[in-house]
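To keep things clear, I will list the structure first and then write my remarks on it.
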Amino acid sequence: MQRPIKEYVRFCGSYNSSRSNRLKANKDNAESLFDILLAILIYYGKLRLYLNVFDFLYFTYFDTFLYHLFLPNSMALFPKKLVAVVNEKIEIGKAMNALAHMTLGLGANIENKDELRFTNYKDKDGGNHDKISEMPFMILKANSNQIRTLRKAALANNMNFVDFNNTMTEGTYEDQIKRANETKEELLEYYGIILFGDWELVSDLTRKFSLWK
């Protein structure tokens, strides 16, 4: 009876040792797989980070730099500059509505319409596409406080401008006028502003803003 007992003990020891080795191997494989997955995630994370940084730098600064770089003769061609700065925080529909109202208002403000360089773009079939300005019209983006500061600078420089704010939406025009009369300037949320003036001065005032996308 002794031998079977010894063989059973040897078998159990061998089984436990084998099971331990298998568990250790499985653990090593799991750790290796985890290391590989972790390395992939880190690589992917870094790649996404690099792409995000590139996107931010390009769309925030580089495209605006290129715009100024490739229009070196614009000042000679056009002594006046037309620039809109729109609040990037508002809905696109509100932004477009503000831009339309401001453009209409600015056009009414300009006494000498020749300064706006309107021309007729005639197509090959003889169709007229009239009253389109030859001037470049930059659309930039900012936030409400930056637009407020820009408006103050335009006032200080006696520049022709039109702005649009949150009191000018919703309800009838009587409601909007009443709301504007009851709101202090410091509480206004600016949706946008359009400047029209000396090329160099407008450029200096708006140089820090990036193009609207």
Rg(Cα) / (2.2 N^0.38 Å) computed for region 90-155, rounded to two decimals: 1.43
Cα→Cβ-extended label distance, 7 Å offset, between Glu88 and Ala100, nm: 2.5
Check: in region 71-211 the Lys pairs 8 or more apart or on separate chains whose Cα atoms fall under 13 Å apart number 5
In a shell of Cβ-Cβ distance under 10 Å around Phe196, excluding Phe196 itself, what net charge do Lys and Arg (+1) and Asp and Glu (-1) give? 0
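Compute the signed sum of charges (Lys and Arg +1, Asp and Glu -1) over the other residues within less than 13 Å, Cβ to Cβ, of Thr169.
Details: positive: Lys94, Arg179; negative: Glu91, Glu170, Asp175, Glu189.
Around Thr169, the charge tally is -2.
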Expected output is a single nm value to one decimal: the length gained when fully extending between Glu111 and Asn128, i.e. 0.36 nm times separation in residues minus the C-alpha distance. What is it? 3.7 nm
Go through Ala156, Phe196, Ala142 and say which Cα lies farthest out towards the positive end of the charge dipole of region 67-213; charges sit on Cβ, +1 for Lys and Arg, -1 for Asp and Glu. Ala142
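Every number here is computed from the coordinates shown, using simple stated rules; none is lab data. Here the structure is a predicted model, which means the values were calculated and not measured. Positions of Cβ are generated from backbone atoms using ideal geometry, with glycine treated the same way; all protein chains shown enter the neighbour counts.
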